[in-house]
1. Restricting to helices (runs of 4 or more DSSP H) lying wholly in segment 207-295: which have 1 or more residues that are among the aromatic types (Phe, Trp, Tyr)?
2. Kindly check whether there is at least one residue in segment 341-349 that is under 25 Å from Gly279 (Cα atoms), open to solvent by less than 20 Å² (accessible area, probe 1.4 Å), part of a helix (DSSP H, G or I) and among the β-branched types (Val, Ile, Thr).
3. Taking Ser359, is it crowded, with 16+ Cβ neighbours inside 10 Å, assigned to a helix (DSSP H, G or I), modelled with pLDDT under 90 and over 22 Å from the mean Cα position of the chain (by Cα)?
4. Please work out if Thr299 is open to solvent by 10 Å² or more (accessible area, probe 1.4 Å), farther than 16 Å from Met145 by Cβ and touching a residue at least 12 places away in the same chain (Cβ under 8 Å).
5. Does any residue of segment 336-358 turn out to be under 30 Å from Phe70 (Cβ atoms) and among the aromatic types (Phe, Trp, Tyr)?
6. Considering segment 362-377 alone, what residues qualify as being touching a helix residue (DSSP H, G or I) at 6+ places or on another chain (Cβ under 7 Å) and free of Cβ contacts under 8 Å to residues at least 12 places away in the same chain?
7. What about Gly181, is it in contact with a Ser or Thr (Cβ under 6 Å, 6 or more places away or on another chain), of a type in the set (Gly, Ala, Ser), surrounded by 19 or more Cβ atoms within 10 Å (Cβ to Cβ) and at pLDDT 90 or above?
8. All but one of (1) touching a Lys or Arg at 6+ places or on another chain (Cβ under 9 Å); (2) open to solvent by 10 Å² or more (accessible area, probe 1.4 Å) hold for Leu307; state the number of the condition that does not hold.
Amino acid sequence: MSAASRLIRPFGTTRRPAERLAIAIAVGALGTLGFSVTAPILPDLADAFGVSRGAIGLAQGSISFAGVLFSALIGYLADRVGRRRVILAALAIFSVFGLAGFIARSFWALVAVRFLQGAGTSGILGVGIVLIADAFEGDARTRAMGINLTGLQMTSLLGPVIAGFLATGGIFRPFLIFAVGIPLAAWASRMPDDRPATSVDPPLRHLRTALATMRRERTLADYAGVLAATFIATYLLHGLGLTVVPLLLDDLFGLDVAARGVFIATFQLGIVLAAVRVGSLIAAMGRTNLITTAFTLMTAGAVVTALAASTWSVAVGLAVCGFGFGAFIPQAQAYAATVGGNRYRGLTVLIWVTIIRVSQLVGPPAGSMLYDSVGPTVPFWSAAAVTCVLAVAWKRVRRSLSGAARSL
């Protein structure tokens, strides 16, 4: 390496797919902390700022709202200027404004810095998926997506625990976790330079060309179907798993907050068990059969939860539903990263991430309103009905819309 290269890249450049996967997982795992770190301290923040329990949700939701606004644009930039530049900029934004939460001493200041941090969150979560897709192909790509999802879910499980421990010394201390982004940025700088060799069109033309390419290759209907199914599956996680289940456990079974957290975590446990083995599941069942099975498991899990006569029945239902989620999402990620090819990969993946963010925004209020208006079990019956329709009809709908026998 020349002296100039050492000056520009003091930590060198990696070409090994394994290290590139490790960087992508670490970057994405940091992004999940943007949601999980603040969860256990929300009641304390409400008390500190003198706002209601309902209002403090805005501090949590603002980070998702930024993702809705900026994810697609970030994906375009990843296609135009390269993944490495975008990921480093996103890490800087995420870390700086995440740390700013430590010194925010008013409610609206916290909402503002969380919103700005959310712009970085979309970059490191979405472009992390793009980095994996750039490094792997075919079944290896799907397996890598499963490993990535496993890492993200494990971090989501550990984040609240670490944050709760730090908060014992002061409720703003959990925001110091985001300082991890600084050494992580140094590691991520080892990613190879991936600026496109040819110029990229302006944003709207880039989008139109991507859609035209998918239409010509007869993959647009598949892509739209993946987006719709992802929205529904994520609603199950954020509208039911993280919003309605705590209410049900409290109202029907009287569990305290610590016990509720343990039972809710069974959903993530199911996700991890499926995601880490998604490659083996595809080899044994085939892609389309596994997708049908995933929707069927989500249906069964929702039914078991709706019929639950005990807390352990709820845990079983959540774990089954999570296993279905974990079997589907890595395949959805891999398809979103494949359908646009290298030229449009950033855009197609970050549009998929936008759908995730929209679902995270509308899922919790929709789930809680349904719970309040019609009772604790109706949300689960509703979810079971929708996922059952998906399990039975998705292949027929796909054939009628796409007219192409292409495999996910």
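1. Those helices (runs of 4 or more DSSP H) span 220-235, 245-253, 257-275.
2. yes
3. Spelling it out, it is not the case that Ser359 is crowded, with 16+ Cβ neighbours inside 10 Å, assigned to a helix (DSSP H, G or I), modelled with pLDDT under 90 and over 22 Å from the mean Cα position of the chain (by Cα).
4. yes
5. So far as segment 336-358 goes, yes, one or more of its residues are under 30 Å from Phe70 (Cβ atoms) and among the aromatic types (Phe, Trp, Tyr).
6. Across segment 362-377, there are no qualifying residues.
7. yes
8. Condition (1) is where Leu307 drops out.
The values are calculated or read from the model by the stated rules, or taken from the named source; none is laboratory data. This is a predicted model, so every value here is computed, not measured. As a convention, Cβ positions derive from the backbone with ideal geometry for all residues, glycine included, and neighbour counts pool all protein chains shown. Ligands, DNA and RNA are excluded from the accessible area calculation, which covers all protein heavy atoms including side chains. Shrake-Rupley method; radii C 1.70, N 1.55, O 1.52, S 1.80 Å.
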